[in-house]
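Chemist: First, the structure itself, so that you have it in front of you.
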Amino acid sequence: MNTEIGDLRKVVQLAQRNGRTVVMSGHSLGGSITTAYATWDFGGHAGGDDLAGLVFIDGASGATPVSPDQATQSLQSLQTGSPWLAFGGIAAPFAGLFNSTGSMGVLIDPNSPSLGQAFPLLPANLKPPVPVTNIGQYGYALDVKTSPPALAAAQAHLGQLAETGDPRGWDTTGALTPIERYATMFSGFGLRGLDGTAWYHPMRLTIDSGAVAAGNANPAQQILNVHATHGDDLPQNMRIYAFGAALGGQRVVDAARTLAHQSGIPRKYVTTLNRAATYAHNDPNSAFPKNDFIAHLIPFLEKVQQPSP
């Protein structure tokens, strides 16, 4: 986390040039990182002093930290295990490999028989019970109705397998997120050197997030080299927007309200929505044309630009 916050510090300082207004947003674990940056101690000042707003997208830091014993045990376990998070139980780098190739198949050759379904290394619980196309395979693996629970962090409302066909294609009826849009987001198509999947997510970053604790000092922070201690003195004119979906839900809303309350930020500066019942973890990023997260984000950002009374 210390490395992550140091990198973010450089980005924020660059973004501030020419008097620009900076809002920091984080999705999933990025919500905890957003809290960490805002409450981080930079020479006696909070990182939030340089920000006009915070946006939490189905992720945030609660106020309860891990214990010192838990922090120590996590570091000890890290010494004997992989440094990378096994996403949904899939060891690195295979989650990135599967998502990158699967999404590219949707964009390049959606209607041919699935290559992924025939690939022996793709986990069986991601494969449909009937022959499918490339787009059918990708949708089946990541739609909320058929994707395994362990992959909740990769899911969206994409539709369902077509009822007929050999191989079966994909039916977008009832989808919040167009599957082609989702595939574009993850494939990085048209971009150089990056895509939408964290192929190698540092396990240490996840461990350290447990000590952020809404920016309240605690013993685990000393063990994990975390310096998020300004949770009670953020700027009182800071605006906060929290959107809870299937993974974080009400916890994200509650965490945002707690952070605001600690610093005496007025309730009118805090926007919260809980769409856990209708939005999967990634729908806020990709739902189209109707997107509740974006619909409230735009007026939120407009208010950020307005001078506070």
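Chemist: If you check Leu29 against the conditions, is it in contact (Cβ under 8 Å) with a residue 12 or more places away in the chain, open to solvent by less than 60 Å² (accessible area, probe 1.4 Å) and in contact with a Phe, Trp or Tyr (Cβ under 8 Å, 6 or more places away or on another chain)?
Modeler: In short, no.
Residue-wise test of (1) in contact with an Asp or Glu (Cβ under 9 Å, 6 or more places away or on another chain); (2) assigned to a strand (DSSP E or B).
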| residue | (1), (2) |
| --- | --- |
| Asp232 | no, no |
| Pro235 | yes, no |
| Ala246 | yes, no |
| Arg251 | no, no |
| His261 | no, no |
| Gly264 | yes, no |
| Thr271 | no, yes |
| Pro284 | yes, no |
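Chemist: Further question on the same structure: Need pairs with beta-carbon distance below 6 Å; first residue more than 20 Å from Pro131 (Cβ to Cβ) and within the stretch 159-182, second open to solvent by less than 30 Å² (accessible area, probe 1.4 Å) and in a loop (DSSP other than H, G, I, E, B); sequence gap 6+ or separate chains.
Modeler: Ala175/Leu158; Ala175/Gly159; Leu176/Ala287; Thr177/Leu158; Thr177/Ala287
Chemist: Kindly indicate which of Ser187, Ser209, Ser147 is without any contact (Cβ under 8 Å) to a residue 24 or more places away in the chain, crowded, with 19+ Cβ neighbours inside 10 Å and under 21 Å from Asn285 (Cβ atoms).
Modeler: Result of the check over Ser187, Ser209, Ser147: Ser147.
Chemist: Hey, can you tell me all the residues within the stretch 74-90 that are without any contact (Cβ under 8 Å) to a residue 24 or more places away in the chain and under 22 Å from the mean Cα position of the chain (by Cα)?
Modeler: Residue satisfying the conditions is Ala86 alone.
Chemist: Return the residues of the stretch 157-199 that are at pLDDT 95 or above and in a loop (DSSP other than H, G, I, E, B); say none if nothing qualifies.
Modeler: If the condition is that a residue be at pLDDT 95 or above and in a loop (DSSP other than H, G, I, E, B), then His157, Leu158, Gly159, Asp166, Pro167, Thr172, Thr173, Gly174, Ala175, Leu176, Thr177, Pro178 are the ones that fit.
Chemist: Tell me which of these Ala242 doesn't satisfy, since it passes every other one: (1) open to solvent by less than 50 Å² (accessible area, probe 1.4 Å); (2) farther than 26 Å from Gln16 by Cβ; (3) touching a Ser or Thr at 6+ places or on another chain (Cβ under 8 Å); (4) outside any loop (DSSP other than H, G, I, E, B).
Modeler: With respect to (1) open to solvent by less than 50 Å² (accessible area, probe 1.4 Å); (2) farther than 26 Å from Gln16 by Cβ; (3) touching a Ser or Thr at 6+ places or on another chain (Cβ under 8 Å); (4) outside any loop (DSSP other than H, G, I, E, B), Ala242 is out only on (2).
Chemist: Next question, about the same structure. What residue, among those in the stretch 1-18 that are assigned to a helix (DSSP H, G or I) and open to solvent by less than 70 Å² (accessible area, probe 1.4 Å), is nearest to Glu302 (Cα to Cα)?
Modeler: Among those residues, the one meeting the criterion is Ala15.
Chemist: Give the residues of the stretch 274-295 that are surrounded by 15 or more Cβ atoms within 10 Å (Cβ to Cβ) and over 16 Å from the mean Cα position of the chain (by Cα), sorted by residue number.
Modeler: Step one: filter the stretch 274-295 for residues surrounded by 15 or more Cβ atoms within 10 Å (Cβ to Cβ), giving 274-276, 279-287, 291-293.
Those that are surrounded by 15 or more Cβ atoms within 10 Å (Cβ to Cβ) and over 16 Å from the mean Cα position of the chain (by Cα): Asn291, Asp292.
Chemist: Between residues in the stretch 40-52 that are over 25 Å from Gln305 (Cβ atoms) and residues that are aromatic (Phe, Trp, Tyr) and outside any helix (DSSP H, G or I), which pairs lie under 6 Å by C-beta distance while being six or more apart or on different chains?
Modeler: none
Chemist: Among what's in the stretch 19-48 and is aliphatic (A, V, I, L, M) and in a helix (DSSP H, G or I), pick the residue that is nearest to Ala246 (Cα to Cα).
Modeler: Leu29
Chemist: Now, a different point. So in the stretch 85-106, with the set limited to residues that are assigned to a loop (DSSP other than H, G, I, E, B) and not small (Gly, Ala, Ser), which one is most open to solvent (accessible area, probe 1.4 Å)?
Modeler: Filtering the stretch 85-106 for residues that are assigned to a loop (DSSP other than H, G, I, E, B) and not small (Gly, Ala, Ser), the one most open to solvent (accessible area, probe 1.4 Å) comes out as Leu85.
The values are calculated or read from the model by the stated rules, or taken from the named source; none is laboratory data. Since we're looking at a predicted model, the values are computed, not measured. Every residue, glycine as well, gets a Cβ built from its backbone with ideal geometry; the counts of neighbours run over all protein chains shown. The area values use the complete protein model at the heavy-atom level, side chains included, leaving out ligands, DNA and RNA. Shrake-Rupley method; radii C 1.70, N 1.55, O 1.52, S 1.80 Å.
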